[in-house]
Every structure is written in C-alpha cells, then in structure tokens.
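Single-structure report; data block below.
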Amino acid sequence: MSGRPRLEPRKQPRQARAELTRQRILRAAARVFAEYGYAAGTTNRIAERARVSIGSLYQYYPNKDAILAELMTGHLQAGMARSRRDQAEEPPGDIEAIMRVLVRAAIENHLDDPQLLRVMIEQAPRTPDLVKKVHEYHNADVAHAQTLLRGHPDVRVGDVDLAARIIVTTIELVVHQLTATHDLVGQPIDLARFEDELVAMFTRYLTAAPPAVAPAGDMGH
C-alpha cells in the first residue's frame with residue numbers, strides 16, 4: 001500500500017441532488033480556503049460552510065487535498081473554455097490588438113479571488129491528471145499564438161514559433177504571480193495599466209527590427 005493520500009473524489013454524483021451537494025461543497029471550500037488559507041482550511045470548516053455533515057463530505061472527497069485539486073481542475077477548465085471561445089472568433093488584424101486579446105484573457109481568468117488563486121497555485125497537489133491538463137492548456141495556447149503570428153506582416157522576430165512560446169509562458173507566469181500576490185505586499189494593481197504594459201512589451205518585442213549582425217571578423221575595431 002502506498003502512503004500517498006488519495007486525491008481523487010470518492011464518487012461521481014449520478015443524481016441531480018448529489019451533484020448539487022458536490023457543487024455546494026466545492027463553493028464552500030473555495031470560500032474557506034480564500035478566507036482561512038490552506039492550513040486552517042479544514043474539512044470541518046468546509047462541511048460547516050457547506051451545511052453538510054463531515055460524514056457527507058467524506059462520501060464525496062477523502063480529504064481537503066482532493067477538494068483543492070478539483071478546484072484547481074475547475075479553474076483550468078474555465079481558462080480552457082475561455083481560450084476556445086477566443087480562438088473561435090475572428091482574430092484582430094494588428095499585433096497590438098492580438099497581444100491585447102491574449103493578455104486580457106489571462107487577466108480575466110484570474111480576477112475572481114486572488115486569495116483562493118494563491119492557495120491553489122502554492123498548495124494544490126500536482127496529480128498526474130492535473131499536470132496533464134496544465135500541459136494541454138499551455139500547449140493549446142502556444143499553438144494558437146503561433147497560428148496568429150506566423151506570416152503576420154508586422155512580426156519581425158527571427159523565430160516566430162519560439163516567440164509565441166516565450167509570450168504565452170511569460171503571460172502565464174506574470175499574471176499568475178501578480179494577481180495572486182499583489183495583496184500580500186499592499187500594492188494594489190491598476191489592471192488597466194498592467195494590461196497596457198504587457199501589451200506594449202510584447203508588441204515591441206515582436207515588431208522591433210532585429211539587431212544588425214556584425215560581419216565576420218569585425219570586433220568593433
């Protein structure tokens with residue numbers, strides 16, 4: 001027997017009433033984790049907030065890690081759904097507008113609750129299924145960015161596919177970090193300016209003339 005805690009839900013609801021109970025537990029857990037943090041966000045507090053017995057909670061989830069993993073999965077699925085909707089729309093024509101679509105989608109996917117987001121990022125167990133979903137989400141966004149940038153007349157970087165990977169990864173990391181931790185340092189973010197700065201940074205990167213390459217043997221003498 002492995003000593004690792006079980007992280008999958010105990011059962012998948014088959015009746016509407018059971019599904020409503022599961023959703024109530026997840027909503028209660030989101031509020032408890034956001035309010036109390038991970039360590040003090042106990043299953044007893046979650047059950048009390050959800051107005052179910054602790055025994056009923058354990059019928060659905062074996063521990064709070066399994067609940068947190070499911071909340072993280074829901075967060076990723078919401079982001080993937082938003083990305084698919086954006087990708088189904090006609091893309092804007094200029095690079096700045098394209099970058100704004102990508103940046104704004106990431107920011108809006110992290111606006112709901114910075115405290116809960118921080119708990120999910122720092123504490124959610126990295127199950128194989130969750131890691132797989134993270135990679136699928138990232139790879140889909142990279143592929144979409146590559147499609148938008150390839151052949152665009154204003155893009156002047158030498159390696160467009162690599163540039164798309166750099167941009168998507170940077171957006172993910174910067175938006176995660178700033179939206180999840182800005183309240184800890186007591187410096188609220190002006191989201192409109194945050195968006196503008198990221199858009200400007202990526203637009204300049206993509207459209208700037210590549211640096212001139214010195215002729216072979218020319219060391220500046």
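The values are calculated or read from the model by the stated rules, or taken from the named source; none is laboratory data. Since the model is a prediction, treat every value here as computed from it, not as a measurement. Don't worry about glycine lacking a Cβ; one is built from the backbone with ideal geometry, like all the others, and counts go over all protein chains shown. Please note that ligands, DNA and RNA were not included when accessible areas were found on the heavy atoms of the full protein model with its side chains. Shrake-Rupley method; radii C 1.70, N 1.55, O 1.52, S 1.80 Å.
Enter the accessible area of SER56 (Å², nearest 10), with the probe set to 1.4 Å and all protein chains included.
Solvent-accessible area, nearest 10 Å²: 40 Å².
For segment 68-181, what % of the accessible area comes from carbon and sulfur atoms, probe 1.4 Å?
52
How long is the gain from LYS132 to ARG104 if the chain were fully straight, where each residue apart is worth 0.36 nm and the alpha carbon distance is subtracted?
On the way: separation 28, 0.36 × 28 = 10.08 nm, distance 2.43 nm.
Stretched out fully, the LYS132 to ARG104 stretch lengthens by 7.7 nm.
Might you tell me the accessible area per residue for segment 1-157, computed with a 1.4 Å probe and given in Å²? Walk me through the numbers on the way to the answer.
Details: 8910 Å² over 157 residues.
Per-residue value: 57 Å².
Rounded, prolate or oblate for segment 69-172? Axes are the square roots of the Cα gyration tensor eigenvalues, ordered a ≥ b ≥ c, and the cut-off for rounded is a/c under 1.5.
Details: a/c = 2.28, a/b = 1.89, b/c = 1.21.
Prolate.
So how far apart, in nm, are the two label points at GLU35 and THR169 if each is 7 Å from Cα heading toward Cβ?
Once both label points are built, they end up 4.0 nm from each other.
With each pseudo-label sitting 7 Å past Cα toward Cβ, what's the GLU96-THR207 distance in nm, one decimal?
0.6
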